[in-house]
Amino acid sequence: MGNRACVIFIDRNCVSPTVYLHWHGDAVPRWLDQLKATMHGRFGDAAYAAARFVGICHANIEGNLSLGIWSNALSLADLRRPDEMEAESPGNAGIVVVDTSDFSWNAYGGYLAGSQGSHEATNETNRPVAEEALDAFWHAVVQRYPQAKTGDLSPLTAVRLEQAAESAIEEWVWANVPTTSNE
């Protein structure tokens with residue numbers, strides 16, 4: 001029972017401890033928006049972001065239950081593997097990984113997994129790159145299966161493929177491009 005969520009903050013060098021919420025998983029997006037405003041001028045600091053997030057949670061949760069924090073053995077590389085993150089999920093809202101460089105977030109293994117916080121601007125930049133990459137992908141598929149008469153794909157699968165491509169490009173840019181520009 002519960003409405004559980006685990007929240008982890010990252011910066012370019014480290015992974016924060018895990019913040020555990022037992023009953024307030026649905027509040028995570030709202031509290032992350034509040035955190036982003038609180039951290040204005042101090043982006044890119046996972047340790048301070050985690051501490052301030054715990055403060056926001058504490059201010060909103062009465063009593064001595066439903067909020068915890070613990071160390072974890074996750075690496076930055078682990079956090080880039082969706083299967084690893086889904087395995088860490090407590091269920092319910094899931095596990096939320098927050099990039100403190102811009103306070104965008106991804107959720108895994110729960111109902112928040114369909115949401116992505118503050119990715120709209122980055123995805124708009126990456127969308128043309130993803131479209132070009134998917135064109136090359138489909139060209140390779142057609143070359144391999146010339147007997148195909150149509151190019152049908154369910155709308156849901158098409159959307160998921162586009163989102164995965166945009167997310168992969170975003171992660172690649174984050175991990176490999178040293179500046180904030182992704183041009």
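Only the coordinates and a few stated rules stand behind these numbers; no lab work does. Only a predicted model underlies this, so the values are computations on that prediction, with no experimental measurement involved. Cβ placement follows ideal geometry from the backbone for every residue including glycine, while neighbour counts extend to all protein chains displayed.
Things worth noting here:
- Bridge orientation summary for segment 1-111: considering DSSP beta bridges with both residues in this region, about 70 percent are antiparallel.
- Compared with the dominant Cα axis of the chain, that is its longest principal axis, helix 46-60 is turned about 60°.
- Segment 10-159: equivalent-ellipsoid semi-axes (sqrt of 5 x gyration tensor eigenvalues, Cα, Å): 36, 17, 14
- Sequence-distant residues sharing a close amide H with Asn3 (under 5 Å, placed H): Trp23, His24, Gly25
- Between Ser115 and Thr150, residue separation times 0.36 nm minus the direct Cα-Cα distance comes to 9.4 nm.
- Computed over the chain: relative contact order in percent, which uses C-alpha pairs under 8 Å that are six or more apart: 21
- Degrees, to the nearest 10: 28-38 long Cα axis against longest axis of the chain: 70
- Scanning residues 5 or more positions from Ile69 or on other chains, those with amide H under 5 Å from its amide H are Tyr20, with H placed 1.01 Å from N in the peptide plane.
- Restricting segment 52-109 to GluC sites (Glu not before Pro) that sit in a DSSP loop and have at most 16 other Cβ atoms within 10 Å of their own Cβ leaves Glu62.
- Among Asn106, Asn92, Asn60, the residue with the largest mean-square fluctuation in a Gaussian network model of the chain, with springs joining Cα atoms closer than 10 Å, is Asn60.
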